[in-house]
1. What fraction of the DSSP beta bridges in the chain is antiparallel, stated in percent and rounded to the nearest 5?
2. May I ask you to evaluate 6.51 cos²θ - 1.76 cosθ + 1.60, the Karplus curve with θ = phi - 60°, for each residue of region 120-134 and list the ³J(HN,Hα) values in order in whole Hz, giving x for glycine and proline?
3. Taking R0 as 30 Å, what FRET efficiency do you get between Asp279 and Met107 from their Cβ-Cβ distance, rounded to the nearest 0.05?
4. Only loop residues by DSSP count here, and only those with at most 13 other Cβ atoms within 10 Å; note down the trypsin sites (Lys or Arg not before Pro) in region 1-55 that meet that.
5. For Leu257, put the label point 7 Å out on the Cα→Cβ axis and report which residues of region 26-49 keep their amide N under 12 Å from it.
6. For region 197-283, what is the Kirkwood estimate of the hydrodynamic radius, computed as the reciprocal of the mean inverse distance between distinct Cα atoms, to one decimal in Å?
7. Per the Debye formula with a single identical scatterer at each Cα and no solvent contribution, what log10 I(q)/I(0) holds for region 6-279 at q = 0.08, 0.15 Å⁻¹?
8. How would Ser46, Ser67 line up from fewest to most surrounding beta-carbon atoms within 10 angstrom?
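Coordinate-derived values only; no laboratory data. This is a predicted model, so every value here is computed, not measured. We place every Cβ from the backbone using ideal geometry, glycine too, and count neighbours over all the protein chains shown.
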Amino acid sequence: MTKQARTIALSNNKGGVTKTTTTVNLSRGLAKLGKRVLVLDTDAQSNATWALTQKILKGQKNTIYESFIHKRPLHELIRPTDEPNLFIVRSSLWMNYAEVQLFNESMRERRLRNALKPYLSKFDYILIDTPPNLGVVTVNALMACTDVLIPITLNGFSLLGISILLNTIKDLRASAAENEIDAPMPIFGVVVSQSRDNNDATQHMENIRTYFGDLVLEPSIPLNVDVERANNRGSLYELYPRSSGALRYTKLVESILAREEESNRDRDSYLAKTKALLDAIPTEVDEEED
């Protein structure tokens with residue numbers, strides 16, 4: 001059987017949690033190791049498109065929008081970046097309108113899943129950068145992926161809204177099973193960014209570990225100005241190779257490869273961790289008092 005790409009949706013319904021930064025640096029790190037990587041930028045903000053191409057597209061043409069709305073084949077939209085082994089399907093502001101256009105379409109949640117099928121054997125990894133919401137586009141990413149990676153920033157609001165994301169995944173899994181669709185959406189891991197060395201950060205990390213257990217990937221990514229600079233200038237690994245951010249992302253890529261091997265070796269245990277996490281989500285939310 002031909003090897004299929006590991007398709008990872010990076011998702012968190014909150015904004016500002018380093019989804020794009022994580023997508024970009026993991027894709028570059030994997031490509032540096034000789035892995036063939038495709039980034040799908042599905043976020044209308046187009047930050048991954050900017051980080052990997054230094055361009056922002058204002059129109060619809062040759063963007064992921066055309067795949068969602070006009071069902072244009074992805075091979076017509078895939079573009080190489082300046083880095084070996086790394087490719088992208090770019091986004092544009094029109095993806096905001098895609099949410100509206102898809103609302104009443106039948107099987108709208110499977111557009112991306114169907115679009116990706118012919119290309120799964122052509123890449124080792126497909127990373128999907130999703131919008132900071134749980135709309136139709138994010139649901140498409142979750143339905144299309146083989147795994148979900150949750151980026152979280154280390155602060156007092158780290159876990160705010162996480163139960164909504166997990167309940168969405170739980171509902172989608174149930175719906176897929178009812179329709180005999182193979183879409184288990186296992187939680188591959190949690191990437192913690194903007195870590196700091198102080199008492200508050202230590203407590204926040206303990207809270208995250210209590211919630212997610214060993215799904216938390218090591219190492220965490222420190223709050224590092226070079227990481228932000230690289231987003232606007234080019235590759236973190238090339239521009240600031242000795243920075244704490246570059247060194248930690250390099251180790252994080254190694255952790256991801258190790259977890260992939262582990263999940264392939266014991267698929268049942270891997271899937272059981274997600275089931276246990278989703279089963280532990282409260283089914284009812286208490287109303288807030290005035």
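1. Of the beta bridges lying entirely in the chain, close to 5 percent run antiparallel.
2. For region 120-134, the Karplus curve yields 5, 8, 9, 9, 7, 9, 10, 10, 10, 8, 9, x, x, 7, 10 Hz.
3. Rounded to the nearest 0.05, the efficiency is 0.60.
4. Filter output for region 1-55: Lys3, Lys55.
5. Once the point is set 7 Å along Cα→Cβ of Leu257, 29-36 turn out to lie under 12 Å by backbone N, inside region 26-49.
6. Mean inverse Cα-Cα distance, inverted, gives 15.3 Å.
7. -0.30, -1.14
8. Ascending number of Cβ neighbours within 10 Å: Ser67, Ser46.
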